[in-house]
Amino acid sequence: MAKLRITNKTLLAIAAIAFAPSAFAAEPNEAGAGKVCGVLRSFEGETQIFDYTRTHLGDAAFGSKLHCGDWVSVDKGKATIELAVNAAFNVGENTFVQILDPQSGENPEHAHVALYRGEFVAQTPKDEIRIVTPNAVARVAKGGAYLVYSSASEESQIVGLGGASSLENRFFPEPRMAAGFGKVVTFANPVERLLPDQARYVSARDLNERLARLGIPAAVRDALEKSVKAGTKTKMPVTLASTGRPASRPAVQATGEFANRAPASVVESDSAPKAVAKPHKAVARKKRVSDEPNFALKRAGDDEMEKKRLLQALSMMRPDSD
């Protein structure tokens, strides 16, 4: 690795040219509009903005303000989101994210973004930002990282792109697994496992194809390929999780903390029948909610959760342990 002379300082300089956020000029609070947490800087393809209820469709335009709680759906193409906390996100297709207020009382992880499904590259020049998925919490500081949550395999993954990046179990936050440059940390099934997998080198070809679609410059992709090639002489690289939407599944009765929660998806299924009659103007800007499950940031501290945590802890104990 020393022969490559790849340093975090060099990578951050490259990344800053490509996707460093500009100064956030908007006032955090606007009269009658709620708190502004971000801005939609640019987008290509099919991008939509929904309010926190996921029922009202807003205008997607260059410079559109994103209020805390708003959802951004990128069906095709890509989008660039800038947060008020001096962070930027290059969002890929088939991605559904929520912009959060880290100081909200409904946000126990103090996360800045919720990644419901899909992929993006997150970058921040200095401060730590947190990204929450249905089963994990990712942290990125003084650099960048590629993140993906596959709703098909229920996997969270993070690849370091310089700086300090890590992934942790959302329900058991310690310890965290660090993701070095070109290395991926994977986590799935928090009921059976408490910790994410150890960091391993990612498949450079797989990752670079995705980064190219997100507009990340060739210099960063070349550095990744050299680093991975030097580190995977004895071990096979890890393939990234798919960001495609899962096939339709039979309805499952929700229990515990996931009971009584409304679905979160706002994107119509490709296989859904098309209505013949045009909707009334009053409801034309609303999207049908699909049957995909929702995850909430607020966790209930009831007996069922305590039992679940106990069972998780017991499942990790060896037979000879106390």
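Read the figures in this text as sums done on the coordinates, not as results from a lab. Quick caveat, the model's predicted, so the values are computed rather than measured. Please note: Cβ atoms are built from the backbone with ideal geometry, for glycine as well, and neighbour counts cover all protein chains shown.
Observations on the structure shown:
- Between Asp75 and Asn189, residue separation times 0.36 nm minus the direct Cα-Cα distance comes to 38.4 nm.
- Full extension of the chain between Gln198 and Lys65 gives 44.1 nm of extra length, using 0.36 nm per residue less the Cα-Cα distance.
- Net +/- balance of residues flanking Arg130 in space, Cβ distance below 9 Å, scoring K and R +1, D and E -1: -1
- One decimal place: the segment Glu225-Phe172 gains 15.8 nm when fully extended, by the rule 0.36 nm per residue minus the C-alpha distance.
- Cα-based Rg / Dmax (Å) for region 50-178: 13.8, 41
- Counted charge near Val140, where neighbours are those whose Cβ lies closer than 13 Å (Asp, Glu -1; Lys, Arg +1): +2
- Annotation: average projected area of region 2-231 is 12.3 square nanometres, based on the convex hull of Cα atoms across all directions.
- For the residue pairs Lys183/Lys226; Lys76/Lys126; Lys35/Lys65; Lys183/Lys229, the alpha carbons lie more than 19 Å apart in Lys76/Lys126.
- Karplus 3J(HN,Hα) series, Hz, for region 65-72 with 6.51 cos²θ - 1.76 cosθ + 1.60 (x for Gly, Pro): 6, 10, 7, 4, x, 5, 10, 10
- Relative contact order computed over region 89-210 (Cα-Cα under 8 Å; 6+ residues apart), in percent: 17 percent
- Contact order, relative form, for region 2-231: 14 percent (alpha carbon pairs under 8 Å, 6 or more residues apart, mean separation divided by residue count).
- Distance in nm between pseudo-label sites at Ser242 and Lys35 (7 Å out along the Cβ direction from Cα): 3.9 nm
- FRET efficiency for Ala212 and His56, using Cβ-Cβ distance with R0 set to 35 Å, rounded to 0.05: 0.50
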